[in-house]
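What follows is a set of notes on a single structure, which appears directly below.
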Amino acid sequence: MAKKKENIGITVKKSENLSEWYTQVVQKAELADYTSVSGCMVLRPNAYSIWENIQKIFDEMIKNTGHKNAYFPLLIPESLLMKEKEHVEGFAPEVAWVTHGGNTKMSERLAIRPTSETIMYESYAKWIRSWRDLPLLINQWCNVVRWEFKYPKPFLRTREFLWQEGHTVHATKEEADKEVIDILYMYKDLMENYLAVPVLTGKKTEKEKFAGADYTTTLEAFMPDGKALQMGTSHMLGQSFAKAFDIKFLGRDEKYHRPWQTSWGISTRMIGAVIMLHGDDKGLVIPPKIAPVHAVIIPIIKEESKEKILKKTYEIKKSLKDYSVEVDERDEYSPGWKFNEWELKGIPVRIEIGPKDIEKKQVVMVRRDTGEKEAVNFNDINKKLKETLDKIQKNLFEKARKLIDDNIIEVEKWDDFVKQIKKKNIVKAFFCGKKECEELIKSESDGAT
């Protein structure tokens, strides 16, 4: 007999307490867990499998454009980190240091990778000899540590996180500029067409750009708390790192030249955006294109028809071979309890099948995003599942797009600017671009960046 169990659902409304709602979703949907190291989290299988899907999608994109994966050390000698002045000044407050090996004090401190420019470019200086070695298109999937002291939030702000970082070298500025923009729009494709997260793309200010870069391009999403979330960045590094690491190549003209470099990255922060943007009062909602499980089949079992129902359940699962499908036949929980649990975990589609459905040669298909139910004939399940997943993907993006569009306000007067910032809107206005002006705006407008 199915037993009742305590309520595992979300106990606060997203609209009333977003921060507590987010924390509950992360923990109750089994996405992450806290550890004894402040600011560091465990990625549980439910979250890691989403990251694996994101990895797979983007990895294919970059490999199709000639990029190759490599791996560089986690530990970076202090002397290397110090080679590019602006770069090290930007990262110094966030660097975690290794000072001892066992009980022996090291002759030189080792930084735990905050980003890999310096460790990679030491190798690039050895690898690049002539124009034939360019472009060099390298990416790595790894972890980084940034010892931030702000309030940690799983996925959105943690001291250790997973990411990819691309580092490319080009013979000309034009090639490097093109790489920066090509990657920016690859990221946009990933975020909008797979994560269903609409983004604003553009160039960061001098104050906000990556330390050591000529310029930084960015993708910003809009969250329900009225804040922008940086989803990824693509940087034009210019020639400063090439000078610092003495990277040069012999050109077709038989003269030596400094190359132009780019770097770019996205991280597990994107999972935080998916949670925050698409989740609802029942829990997580995962866009189908990155969902580890597309559908869960829940047989409604009566003892007298158990064998018949389970036989049909597994026939249906087998017929849906193009999708990731789970069967939940646990008999210690009631169907209602299982419905709630799978909704909490954000699985896009639920398929119910009970004795009456067997008689009618149908299942009941339920959408996670809207809760809509539909009776579907056995012969139409495959076709209907595809249609439903496509509709969910589209609906999630359109809802998120409406949120950002409704909150972009164009202004011409300073008083209107301040008023809209206080209302937590995105403000569109002319701006001279000077650093001192930017600092003044921030200080006099409730922290606008």
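The values are calculated or read from the model by the stated rules, or taken from the named source; none is laboratory data. Small disclaimer: the values here were computed from a predicted structure and weren't measured. Here Cβ is always computed from backbone atoms with ideal geometry, including for glycine, and neighbour counts include all displayed protein chains.
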Selection status of Thr205, assigned by TED's automatic domain parsing to the domain that holds Lys243, part of a strand (DSSP E or B) and among the polar types (S, T, N, Q): no
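Results for (1) outside any strand (DSSP E or B); (2) modelled with pLDDT under 95; (3) over 14 Å from the mean Cα position of the chain (by Cα), shown as yes or no for each residue.
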residue: Leu162; (1), (2), (3): no, no, no
residue: Glu174; (1), (2), (3): yes, no, yes
residue: Lys178; (1), (2), (3): yes, no, yes
residue: Tyr187; (1), (2), (3): yes, no, no
residue: Leu190; (1), (2), (3): yes, no, no
residue: Ala196; (1), (2), (3): yes, no, no
residue: Ala211; (1), (2), (3): yes, yes, yes
residue: Gln230; (1), (2), (3): no, no, no
Which residues, taken from region 313-328, are closer than 14 Å to Arg350 by Cβ and not polar (S, T, N, Q)? Ile316, Lys317, Leu320, Tyr323, Val325, Glu326, Val327, Asp328
Before we move on, is Trp260 closer than 26 Å to Ala47 by Cβ, of a type in the set (A, V, I, L, M, F, W, C) and surrounded by 23 or more Cβ atoms within 10 Å (Cβ to Cβ)? no
Considering only residues that are at pLDDT 95 or above and of a type outside the set (D, E, K, R), which ones fall in region 314-336? Tyr314, Ile316, Ser319, Leu320, Tyr323, Ser324, Val325, Val327
The strands (runs of 3 or more DSSP E) lying wholly within region 13-128 that contain at least 3 residues that are out of contact with any Asp or Glu (no Cβ under 9 Å at 6 or more places or on another chain), of a type outside the set (Ser, Thr, Tyr) and free of Cβ contacts under 8 Å to residues at least 24 places away in the same chain are 96-101
Has region 155-171 got any residue that is over 25 Å from Ser79 (Cα atoms), free of Cβ contacts under 8 Å to residues at least 60 places away in the same chain and among the small types (Gly, Ala, Ser)? no
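Step by step: first the residues of region 395-449, then only those that are among the aromatic types (Phe, Trp, Tyr), in contact with a helix residue (DSSP H, G or I) (Cβ under 9 Å, 6 or more places away or on another chain) and loosely packed, with under 15 Cβ neighbours inside 10 Å, then the one that is farthest from Ala273 (Cα to Cα). Which residue is that?
Checked region 395-449; the qualifying residue farthest from Ala273 (Cα to Cα) is Trp414.
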Kindly provide the set of residues from region 232-256 that are part of a strand (DSSP E or B), touching a residue at least 24 places away in the same chain (Cβ under 8 Å) and over 30 Å from Phe155 (Cα atoms), ordered by number. Gly238, Phe249, Leu250
Members of region 358-394 that are surrounded by 15 or more Cβ atoms within 10 Å (Cβ to Cβ) and modelled with pLDDT under 95: Ile358
For region 257-267, state whether one or more residues are part of a loop (DSSP other than H, G, I, E, B), touching a residue at least 24 places away in the same chain (Cβ under 8 Å) and touching a strand residue (DSSP E or B) at 6+ places or on another chain (Cβ under 6 Å). yes
Of (1) at pLDDT 95 or above; (2) within 30 Å of Ile358 (Cα to Cα); (3) assigned to a loop (DSSP other than H, G, I, E, B), Ile301 satisfies all except one. Which? (1)
